[in-house]
Structure formats: C-alpha cells, structure tokens
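Student: Mind looking over this structure? Questions follow.
The values are calculated or read from the model by the stated rules, or taken from the named source; none is laboratory data. Since the model is a prediction, treat every value here as computed from it, not as a measurement. FYI the Cβ positions are ideal-geometry reconstructions off the backbone, even for glycines, and counts take in every protein chain you see. Side chains included, ligands, DNA and RNA excluded: accessible areas come from the protein's heavy atoms. Shrake-Rupley method; radii C 1.70, N 1.55, O 1.52, S 1.80 Å.
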Amino acid sequence: MASEVFFHIGLPKTGTTYLQDVLWSGRESLLAEGVLLPGVGHRQHLWAALDLQERRGLSQRHPRAVGSFAALTEQVRDWPGRAVISHEFFCGARREQVATAMEALAPADVHLVITARDTLGMLTAGWTEYVKNGGSRSLEQMPPKGHRAPEFSWRTWDLGDVLRRWGTSVPPERVHVLTMPTREEPADQHWRNFAGVLGLTGQYEPSGHAANPALGVAQIETLRRVNDQLTGFAKPVDRGRWIRGYLAEELLVRQHGDRPGASAEQVADCVTRAERAVATIRERGYDVVGDLERLLVDPRQPGRREPGEVTDDEVIASATALVADMLTDVRELRRRPTGP
C-alpha cells in the first residue's frame, strides 16, 4: 500500500484544471520522485469521483467509467511510495461516501488537499460553469434546487460544509487548505503551494492546453439565453464540446466584459458562509497555505456587475458578434474538401 496518499478533493473553480494539467504533464517526473498518479488520464479521476458518489448514468460516459474509484485505489494499494488523486468533484461526497473512500485508502496516511476561494467568487464562478455546461437558470436562481449534479450546489461550493463532511476523516495536521494566490503573485504560485504540500522538488510545467478562461457577465447572459433555446444537447460530450468548448471557451471568450456580481441577499449569505468556514479552519487547526483572510467575502463587490444589470442591447451586441464568428467557421468548414 502507498505510504501516503494526497487526496486533492477540490473545491471546483479553484485552479484545479491548472494543477491537474501540471500533474498529468509531469507524470514521469512524479514517478522519478516516487509519486504515483494512478489511472490512464484526468478523465478517470473524474469518473472515480462520480463513481464514489454512485452517480446515475455513469456507464453512458464510458463503458469503463463504472468501477473507476476501485481501479484507482487498487493501483494505490500496489504502490510502495506516495500517491496523488485529484478531482474537484470528490468534495461533493456524502459522509458515508467519505468513510468508504478512507476505508479504501487505509492503512496509508491520507492527506486531504483542499484548494479554496472566497464564497462569493465560488458562487459566481460556479454559476458561470453551470451556464457553460448548458444551464439556463439565472444567478438569482442559484444554486438550483434538486439539480442532478451536486457540483452546481452549496454541497461543493460551501467550504465549511465540505470541511464538515471531509475534515474529520483525517488528523487536522493532514488537512491542507490552499487559498488562491492573487494576481500580484508569481503565475506559478498556486502550483508551488500545491507542490510544497506534496513534497515535490522537481521542475514541472503545464502543457499550455488547460486554460479555463473566464467570461464577462454579458457573455454569460448571452450563453444562458442561447441554452434556453437549445434542444438535443443533453449528453455530457455534447455539452462539453459544443456549449462549453466551442461557444463559451472558443468564441465568447474573445469578447471582454465585467465580472459577474450577485444580489445583496446572496452576498450576505456568502459573507456568513465564508466567516463560518474560516472559523472552522481556525478552531480545528488545519494547515493553511496562503492567506486565510482571502477566503472572506468583500461585500462591496468591486469591479462586479449583477447579471440583471445586463441590457438587451448588450446581449444583442454579444450575440451578433457570436453569429459573425460562427458564420466564419461555417464558411471555412464548407471550403474543406469532402472527398478524396
């Protein structure tokens, strides 16, 4: 069995795509340092997170998706050194599922690694991700009640709730909370903090293909309205390739805009949740990497606009530019030769 397992469980929208890209790009370097990254790719860790949570329809993602968590832990059991498992959806597990995970990784010393940001940023970024994945509810309707995916809910967005479910499963000195660096810090500071927790000393670089670009509030509102008109894009592969990948991260990202803000009621709720999470971290004595105060919410929302403030004219301008870009792509596609 691995001597130590570093279990990076999230939270979503906390630089996880970047960190995971560095991990997978540097897999051989990890092995050289005696660290196993189990599985055949990032997607298997996603499947494992959903598998642990007994999510329905997992077999529709891939025939080998069911049983992914057991497959990862089996590789960990056969490894004599350190190992790392990483996906942000793990943080949505219920208490009994957390217990299942800990039992599967015993007797290794498990370290929980939790990347975190302020709760208001989590709410607005989570709503953006929800829309990029085909959602059509407004920010004021978030998180959606009864939504099939807990990753778009307070179960994964509320750091305090995640700590209540996961934080008592290992000793407090093995719970590592990493706050998001500021833009004034080095571009690789997030990785440096993460690598420090894992005890990595080698040189690691991202592949350059893991960007998860942000959209302006007008662009998010445009995409939300488009989603409301779409039919036939229910499969995860369709939502990922066409709505998230093509419309959002290839076309709409070219349009720059203001960051989304939230209503006064939502901001007040986020302030309370953030204060509660910080109090829990202090009381339990978890290891904090970064500035803990950064997890608190600034109720003034500097540089943010509520989605309800976006005008129809702004949406029309965004949609017009979107159609123009799409028409250019269609023209190029039809110019390509179709036969030998």
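Student: Please list, by residue number, every one of the trypsin sites (Lys or Arg not before Pro) in region 30-59 that is coil in DSSP and has at most 15 other beta-carbon atoms within 10 Å.
Tutor: Taking region 30-59 and a limit of 15 other Cβ atoms within 10 Å, the loop trypsin sites (Lys or Arg not before Pro) found are Arg56.
Student: Enumerate by residue number the trypsin sites (Lys or Arg not before Pro) in region 175-284 meeting two conditions: DSSP loop (anything except H, G, I, E, B), and at most 10 other Cβ atoms within 10 Å of the site's Cβ.
Tutor: Numbers: sites: Arg183, Arg192, Arg224, Arg225, Arg239, Arg241, Arg244, Arg254, Arg273, Arg276, Arg282, Arg284; in loops: Arg183.
Hits after loop and neighbour filter: Arg183.
Student: On to the next question. Enter the accessible area of Asp161 (Å², nearest 10), with the probe set to 1.4 Å and all protein chains included.
Tutor: That residue has around 40 Å² of solvent-accessible surface.
Student: Can you give the three extents of the C-alpha atoms in region 185-231 along their principal axes, from longest to shortest, in whole Å?
Tutor: Sorted from largest, the Cα extents of region 185-231 read 50, 25, 18 Å.
Student: Moving to a separate point now. Would you work out which of Leu322, Ala274, Pro172 lies farthest towards the positive end of the dipole of the chain, given +1 charges on the beta-carbon of Lys and Arg and -1 on that of Asp and Glu, about the Cα centre?
Tutor: Leu322
Student: Further, regarding this structure: Any idea how far apart Glu33 and Val330 come out in nm if each label point goes 7 Å out from Cα toward Cβ?
Tutor: Taking the simple label geometry, Glu33 and Val330 are separated by 4.9 nm.
Student: Could you work out the helix-only [θ] at 222 nm for the chain, with each DSSP H run of four or more residues adding -39,500 (n - 2.57) and the total divided by the number of residues, to the nearest 500 deg cm²/dmol? Intermediate results must be reported in sequence, preceding the final value.
Tutor: On the way: 13 runs with 144 residues, N = 340.
It comes out at -13000 deg cm²/dmol, rounded to the nearest 500.
Student: Taking 0.36 nm per residue of separation and subtracting the Cα-Cα distance, what length does fully extending Thr182 through Val66 add?
Tutor: Between Thr182 and Val66, full extension yields an extra 37.9 nm.
Student: Loop only by DSSP, 10 or fewer other Cβ within 10 Å of the Cβ. Give me the trypsin sites (Lys or Arg not before Pro) in region 104-177 that pass, ordered by residue number.
Tutor: Sparse-neighbourhood loop trypsin sites (Lys or Arg not before Pro): Lys145, Arg148.
Student: I'd like the per residue volume of the convex hull spanned by the Cα atoms of the chain, given in cubic angstrom.
Tutor: 157
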